[in-house]
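Structure, as structure tokens:
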Amino acid sequence: MSDSDANTAPEELPQGDLIKILRDQHAEMQDLFATLLSTAEGRQETFDRLRRLIVSHEVAEEMILRPVSAQLVDMKIVAMLDHEELQATEALKKLEAVDVTSKGFLELAVDLQRTMGEHADKEESLEFPRLLEGCNQQVRLRLGASLARAEADAPTHAHPSAVGSTNAQNRGGTLRSPGRPRPRRLGQTPAQVDAIVPKSRCHRCGADDLGRQ
Ligand SMILES: [Fe+2]
Ligand SMILES: [Fe+2]
């Protein structure tokens, strides 16, 4: 593969490539939306998976993708995408507060599906091609690994106050830059810290998967 992969078909990008990961997650989101809206069976579980995916995806984009895009993409486009992510996170926050069995939930979910689909289309047409042009495969694989780490550290539910800013996503000691050590108390080993941070709790606010403190 050449240094510039601007014309490479998405399905030919290698596993671990930043752009492949993000495109695959866009497709997975739309699959989960389709399941969410087509059947009441397992709706809460489907929504929990979708919510986690949306939050971790958008947080990781702001931490890992956007700083690179700021060098390669028109800043108006970068600002627009950041703004759309804020709107989507606010919409997700509203959806989290509604019972999944209610009619209101389905109406809000349809709106969010459309919003997320349009947002993903813009990223894929206006942002990702510039990354394929401007970053060679080695760089994109490194960014892909950083993205995976950022997603593992992302909150489990919507935090609109941090969206739209890479710095804000980093504040609070919960969303850590790739490679930055997990904050820990004096004398604790990383393994001890891992043991006392429940995986099911939001790194940012400590709430559980349903946003309960
Ligand atoms: Fe996004
Ligand atoms: Fe995205």
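Quick note: the coordinates plus some simple rules give every number you see, no bench work behind them. The structure displayed is predicted, hence computed values, not measured ones. Please note: Cβ atoms are built from the backbone with ideal geometry, for glycine as well, and neighbour counts cover all protein chains shown.
The table for this structure:
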{"quantity": "Rounded to whole Hz, the Karplus (6.51, -1.76, 1.60) HN-Hα couplings of the range 130-140, x for glycine and proline", "calculated": "5, 5, 5, 6, x, 10, 6, 4, 4, 5, 5"}
{"quantity": "Interchain or long-range residues, amide H under 5 Å from THR156's placed H", "calculated": "CYS202, HIS203, ARG204"}
{"quantity": "Proximal lysines to LYS122, defined as alpha-carbon separation beneath 16 angstrom and excluding residues fewer than eight positions away on the same chain", "calculated": "LYS20, LYS76"}
{"quantity": "Of every Cα-Cα pair in the range 1-126, the percent that sits beyond 20 Å", "calculated": "47"}
{"quantity": "The range 10-87: GluC sites (Glu not before Pro) in DSSP loop, at most 15 other beta carbons within 10 Å", "calculated": "GLU41"}
{"quantity": "Debye-sum result for the range 66-166 in log10 I(q)/I(0), which assumes one identical scatterer on each alpha carbon, at q = 0.15, 0.23, 0.25 Å⁻¹", "calculated": "-0.73, -1.30, -1.38"}
